[in-house]
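S.K.: One structure follows; several queries about it will come next.
The values are calculated or read from the model by the stated rules, or taken from the named source; none is laboratory data. All figures in this text were calculated on a predicted structure; none of them were measured in a lab. Here the Cβ is made from the backbone with ideal geometry for all residues, glycine too, and neighbour counts use every protein chain on show.
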Amino acid sequence: MDQPINVAEQFIPQGRVLEVRPYGRGNVHDTFLVTVGSAHPTSPDTAAKPHFILQRLNTRVFRRPELVMGNLRTSTEHLGRRLALGAPGPGRRWEVPRVLPASDGRDYFIDPEGSFWRALSFIEAAQTFDSIENLGHAREVGYGLGMFHRLLSDLDPQKLADTLPGFHVTPGYLRRYDEVLAKHGPTLSPEAAYGLRFVSERRTWAHILEEARAQGRLRLRPIHGDPKVNNVMLDTATGQAVALVDLDTVKPGLVHYDIGDCLRSGCNPQGEETEHWEAVRFDPDLCRALLQGYLSEAGGFLTEADYGHLYKAIRLIAFELGLRFFTDYLEGNVYFKARHREHNLARALVQFRLTESIESQETVIGAIIRDLR
């Protein structure tokens, strides 16, 4: 079977595939944008040239892809019901990606080589950015995550499967790091030596969110799992957030994972892929704007303990992602796609430097959180 064109045809019982091209910059799945034309060769192609997203799931990461699809159905159907009740209110739109069925009625397709494919509706007239453009953009990114959390806040997290056991559980990543380090040994480059020292100096507080959850101070809720800046889509005309996409990591978790990840991603003006890691900093103005947007939607269900752990989450999730990149580098780049041997080391250094910047501004970030409550 020629891929991915013939695979795309499995999801369009009517119409024909005009084009399939790579889409986005995801580190895990292979993603394509499919353009569909008229079903009748004698008819002119539709002016809008409707699209959908086609993805080949990385089953080394998502070992139970059918559970991923189950969570996707559960969460998007719940979001749809909440939207039908009137959210997000007048003057705004909010869209939810829809799962498109394959020709056999299933919501996925397995090709002859065993690859797992699925199709999702495409959010038209919207775009994403790899980094925050301005304070207004930051507020909209925060609003998008807050809207997502609010709409799912009454969904029982037990209805969602844990598709990635241990995801965002930092002590588990630290144990994995220790195993890899013991097996592969340290490298002698100055950058890698810096990473080794960095992790060693911060490992004592890797447990802080999981300990609070175990003690009942923080509780599980439905989370997105990966709400970085380029997963929030903005309307091309208004600049308003209209969707949160890449829902494969939706699962039970702590909203702090999402908040920390969103701020980690959004408040680094240099971006995650910068080659100038020494210049990376956490921007407190972007932090304030992003939290303003988030709390405008989600502030109503956060508890005293939730607020008390916000700074800790911002610091921890930046450290955690750096730890994951660094571990993958030491292991030979087996998880995250890498363009060269040192790519995941460079990514780790960006997150470690960001963590240092967050730590140096603990007082400022704490004051922002207090001001916005």
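S.K.: Please list, ordered by residue number, the helices (runs of 4 or more DSSP H) wholly in region 228-315 having 3 or more residues that are hydrophobic (A, V, I, L, M, F, W, C), modelled with pLDDT of 95 or more and not assigned by TED's automatic domain parsing to the domain that holds L79.
M.R.: In region 228-315, 255-266, 284-298 are the helices (runs of 4 or more DSSP H) which contain 3 or more residues that are hydrophobic (A, V, I, L, M, F, W, C), modelled with pLDDT of 95 or more and not assigned by TED's automatic domain parsing to the domain that holds L79.
S.K.: Return only the number of the condition from (1) at pLDDT 95 or above; (2) surrounded by 17 or more Cβ atoms within 10 Å (Cβ to Cβ) that R370 does not satisfy.
M.R.: With (1) at pLDDT 95 or above; (2) surrounded by 17 or more Cβ atoms within 10 Å (Cβ to Cβ) applied to R370, the lone miss is (2).
S.K.: Looking at K183, K159, which is the one that is among the basic types (K, R), touching a Ser or Thr at 6+ places or on another chain (Cβ under 8 Å) and at negative phi?
M.R.: K159
S.K.: Right, next: Restricting the first residue to region 76-101 and requiring it to be in contact (Cβ under 8 Å) with a residue 12 or more places away in the chain, which pairs with a second residue that is in a helix (DSSP H, G or I) and among the hydroxyl-bearing types (S, T, Y) meet a Cβ separation below 6 Å and a spacing of at least six or different chains?
M.R.: Pairs found: V96/T76.
S.K.: Looking at Y307, Y329, Y335, which is the one that is surrounded by 19 or more Cβ atoms within 10 Å (Cβ to Cβ) and among the aromatic types (F, W, Y)?
M.R.: Selected residue: Y329, the only one of Y307, Y329, Y335 that is surrounded by 19 or more Cβ atoms within 10 Å (Cβ to Cβ) and among the aromatic types (F, W, Y).
S.K.: Taking the options A161, A192, name whichever one is surrounded by 13 or more Cβ atoms within 10 Å (Cβ to Cβ), in contact (Cβ under 8 Å) with a residue 40 or more places away in the chain and assigned to a helix (DSSP H, G or I).
M.R.: Only one candidate passes the filter, namely A192.
S.K.: Check region 118-141 and report whether any residue there is of a type outside the set (D, E, K, R), farther than 19 Å from C262 by Cα and free of Cβ contacts under 8 Å to residues at least 24 places away in the same chain.
M.R.: No: region 118-141 contains no residue that is of a type outside the set (D, E, K, R), farther than 19 Å from C262 by Cα and free of Cβ contacts under 8 Å to residues at least 24 places away in the same chain.
S.K.: Checking the condition in contact with a Gly (Cβ under 6 Å, 6 or more places away or on another chain) and at negative phi, which residue from G136, G142, G166 passes?
M.R.: On inspection, the qualifying residue turns out to be G142.
S.K.: Within region 197-219, work out how many residues are of a type in the set (A, V, I, L, M, F, W, C), assigned to a helix (DSSP H, G or I) and either touching a residue at least 12 places away in the same chain (Cβ under 8 Å) or touching a Ser or Thr at 6+ places or on another chain (Cβ under 6 Å) (or both).
M.R.: So the answer is 6.
S.K.: Step by step: first the residues of region 330-355, then only those that are free of Cβ contacts under 8 Å to residues at least 40 places away in the same chain and part of a helix (DSSP H, G or I), then the one that is nearest to G260 (Cα to Cα). Which residue is that?
M.R.: So, considering only residues that are free of Cβ contacts under 8 Å to residues at least 40 places away in the same chain and part of a helix (DSSP H, G or I), the one nearest to G260 (Cα to Cα) is N344.
S.K.: Ok, one more. Looking at H207, H224, H184, H149, can you tell me which residue is modelled with pLDDT under 95 and in contact with a helix residue (DSSP H, G or I) (Cβ under 8 Å, 6 or more places away or on another chain)?
M.R.: H184
S.K.: Within region 264-276, does at least one residue satisfy the condition of being more than 20 Å from F167 (Cα to Cα), surrounded by 19 or more Cβ atoms within 10 Å (Cβ to Cβ) and over 13 Å from the mean Cα position of the chain (by Cα)?
M.R.: Within region 264-276, one or more residues are more than 20 Å from F167 (Cα to Cα), surrounded by 19 or more Cβ atoms within 10 Å (Cβ to Cβ) and over 13 Å from the mean Cα position of the chain (by Cα).
S.K.: Another question, if that's okay. From (1) part of a helix (DSSP H, G or I); (2) surrounded by fewer than 17 Cβ atoms within 10 Å (Cβ to Cβ); (3) not assigned by TED's automatic domain parsing to the domain that holds A241, pick out the condition that doesn't hold for P171.
M.R.: (3)
S.K.: How many of the residues in region 327-373 are at positive phi and in contact with a helix residue (DSSP H, G or I) (Cβ under 6 Å, 6 or more places away or on another chain)?
M.R.: Count: 1.
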